[in-house]
Amino acid sequence: MKRFLLLLVLVFAGTQQNFAQEKLSETQKLEALAKVWGFLKYYHPNVSKGTFDWDQQLIDKINQSEKVENRIQFNTLISEWIDSLGKVDRCKKCSKKDDRKYFLKNFDLSWTDDRVVFDQKVIEKLNFIEQNRNQTSDFYYTAKRDSDGYFGVQNEKMITEKFPEKQVRLLELFRYWNTVEYFFPYKYQTDQKWNDVLKEMIAKFTEVKDRKEYLLTMAELAAKTNDNHVHFMAVRRHIYYGDYQIPAATKYVEKQLIVTDLYFTKTPYTSGLQKFDIIKKIDGKTPEEIQKFYSKYVPASNEWTFLGKITDNYLYSFKDKINLEIIRNNQPIKLVVDALEFKNIDYPKSEEKEKWKLLDNNTGYVNIGALKVEDVKKMFEKLGNTEALIFDMRNYPNKTTGEIAKYLLPSKSDYYIWMSHDITYPGKFYEKTASVGQNNSDFYKGKVIALVNDVTQSQAETLTMMLKQHPNTKVIGSNTAGANGNIVRLNINNIHTAYSGLGAFYPDGRETQRIGILPDIIVKPTVNGIQNDKDEVLERALQYIKTGK
């Protein structure tokens, strides 16, 4: 009898175990749907040509999956969905090897073999589609814009509801996640594994309660790319910070928040703040506590670009009076300062700057943000015989790299490697080498100096890499932004956003993303330098020109 009871217990336990194994959680089902939907969107020959209303198909499948009770039913749903898309012909071209050098750090379709979720039939269908993917030039959702490999997302439906229903919110999440999954060259560098991002954000997109929470959740998703190119245009300042601001600029330097400028206002105003005050607390919070809040929502490649992005945000508020604790002339002071609505602040406008000038008889200075392509020849005519030529890269260039290289370099030079999308095999990138310059015995013979900081980003970083090809170049300053490569633009809930679309690496394969261009001589800003109105980077460059060290 005891043996019989033991046998019953074992049989019952086994039955319960099998039943448990067949159950899939809501997160498991939604995660699998997200991946299958994105995979079919870019791989299936009929889907990738735009044959179906693919957004609606996802919404339908989300609704149907809610009624699915176990793994068997879920696989039936997926299998029948794939079958409904039409026959996939065998692709001879897909198996042919080419001579391109592929970059595969982002490529991962191992989830298609996940036997915890998928049965053998679904696994075989997914693998067959990968092996016989769309190879025509007819891609509805993706496009190569030009011969340089500029990539674009296209034909995505705009969602206009301010706070859409759950299924549409998940659609927005899955659309953004899959775009990054297949077409973001730096996905492998994110702090959080991109698969884990999907799991985490499914719950958050499902549970948000209102428009503000939804906007912040979308901003949090974008921030997980760890890419300084990422922006989130419609999440206005007031969503994060409020509708008011003390009309002043700040900078976080040497772990101190210093007032660097006072803005004019459109109404009579006296704040009590002075230039060069050190702010210790804002409504009881330290600058570091405020940074911790913003770090969740502000996309940045690294700590220094994050601090640069939020530099003016410390003095925003939801109320019109702010309590400050400051240090002025080494004395602690408490202030209650009026904050103004944004419309009443006269923010400084960028002034037109000199394109180039002589700092002395033997040192030329070029403002790369003001220099245009048509100015380059004349600039070298004026400065080409100087002892040293300083390129101030602490701004954004105007596509002058190739033209400058003609006069600066002695010969043609490979100055960086970039990774272009293979849209016929989504998730894969291939290498291309960028070259500039020409054989030129009359190239610039003096010292070349590049001044850089966290504002030196993207095109400015590749231009700095070109300057490094000169035989006598020094990069002086602090690490650059670490966000390089033409951007991909897309929308999420009618909000404009973007991310780095092409990968950029040194010619020897070293990374620049999230690291930046490393200076030869490091000069970081100091509180003393700001308070004494010094350009410490330029001063160090002049010292190097004079002493050679």
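The values are calculated or read from the model by the stated rules, or taken from the named source; none is laboratory data. Since this is a predicted model, take the numbers as computed values, not measurements. Quick reminder, even Gly has a Cβ in these numbers, built from the backbone with ideal geometry, and neighbours come from all protein chains shown.
Scanning segment 32-78 for residues being surrounded by fewer than 21 Cβ atoms within 10 Å (Cβ to Cβ) and among the aromatic types (Phe, Trp, Tyr) gives a total of 1.
Taking segment 499-525 as the range and being of a type outside the set (A, V, I, L, M, F, W, C), over 25 Å from Tyr176 (Cβ atoms) and buried (at least 20 other Cβ atoms within 10 Å of the Cβ) as the test, the residues that pass are Gly516, Pro519, Pro525. Residue count for segment 184-221 under the criterion of being surrounded by fewer than 21 Cβ atoms within 10 Å (Cβ to Cβ), basic (Lys, Arg) and touching a residue at least 40 places away in the same chain (Cβ under 8 Å): the result is 2. Here Lys445 meets each of (1) assigned to a loop (DSSP other than H, G, I, E, B); (2) in contact with a Leu (Cβ under 8 Å, 6 or more places away or on another chain) with one exception, condition (2). Consider segment 479-498 and keep the residues that are of a type outside the set (Val, Ile, Thr) and closer than 20 Å to Leu173 by Cα. The one that is surrounded by the most Cβ atoms within 10 Å (Cβ to Cβ) is Asn493.
Within segment 220-248, the only residue that satisfies the criterion of being small (Gly, Ala, Ser) and modelled with pLDDT under 75 is Ala234. Yes or no: Lys343 part of a strand (DSSP E or B) and surrounded by fewer than 16 Cβ atoms within 10 Å (Cβ to Cβ)? No; evaluated as a whole, the condition is false for this residue.
With Ala483, Ala498 as the choices, which residue is under 30 Å from Asp55 (Cα atoms), touching a His at 6+ places or on another chain (Cβ under 9 Å) and aliphatic (A, V, I, L, M)? Walk me through how you get there before you give the answer.
Working: Ala483 fails: under 30 Å from Asp55 (Cα atoms).
After applying the criteria, what remains is Ala498.
Of the candidates Val366, Val376, the single residue that is touching a helix residue (DSSP H, G or I) at 6+ places or on another chain (Cβ under 6 Å) and either at pLDDT below 95 or assigned by TED's automatic domain parsing to the domain that holds His470 (or both) is Val376.
Can you say whether Lys97 is in contact (Cβ under 8 Å) with a residue 24 or more places away in the chain and of a type in the set (D, E, K, R), as far as the supplied structure shows? I'd like the intermediate steps shown before the answer.
Working: in contact (Cβ under 8 Å) with a residue 24 or more places away in the chain: no; of a type in the set (D, E, K, R): yes.
No.
Which of the numbered conditions does Gln291 fail, given that it passes all the others? Conditions: (1) modelled with pLDDT of 95 or more; (2) over 30 Å from Tyr188 (Cβ atoms); (3) not in a loop (DSSP other than H, G, I, E, B). Here Gln291 meets the rest and fails (2).
For (1) in contact with a strand residue (DSSP E or B) (Cβ under 9 Å, 6 or more places away or on another chain); (2) within 30 Å of Tyr214 (Cα to Cα); (3) surrounded by fewer than 12 Cβ atoms within 10 Å (Cβ to Cβ), each residue gets a yes or a no:
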| site | (1), (2), (3) |
| --- | --- |
| Thr270 | yes, no, yes |
| Gln274 | yes, no, no |
| Asp277 | yes, no, no |
| Ile290 | yes, yes, no |
| Phe293 | yes, yes, no |
| Trp304 | no, yes, no |
| Tyr314 | yes, yes, no |
| Ile327 | yes, no, no |
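Just for segment 172-194: of the residues that are touching a strand residue (DSSP E or B) at 6+ places or on another chain (Cβ under 9 Å) and not hydrophobic (A, V, I, L, M, F, W, C), which one is farthest from Ala504 (Cα to Cα)? Ranking the candidates gives Glu172 first.
Could you say whether any residue in segment 279-286 is buried (at least 21 other Cβ atoms within 10 Å of the Cβ), at pLDDT 95 or above and under 17 Å from Ala339 (Cβ atoms)?
Of the residues in segment 279-286, the ones buried (at least 21 other Cβ atoms within 10 Å of the Cβ) are 279, 282.
Then keep just the ones that are at pLDDT 95 or above; that gives 279, 282.
Going one step further and asking which of them are under 17 Å from Ala339 (Cβ atoms), we end up with 279, 282.
Within segment 279-286, one or more residues are buried (at least 21 other Cβ atoms within 10 Å of the Cβ), at pLDDT 95 or above and under 17 Å from Ala339 (Cβ atoms).
Checked across segment 453-464, the condition of being in a strand (DSSP E or B), surrounded by 21 or more Cβ atoms within 10 Å (Cβ to Cβ) and not assigned by TED's automatic domain parsing to the domain that holds Glu156 holds for no residue. Taking segment 88-109 as the range and being basic (Lys, Arg) and in a loop (DSSP other than H, G, I, E, B) as the test, the residues that pass are Arg90, Lys92, Lys96, Lys97, Arg100, Lys101, Lys105.
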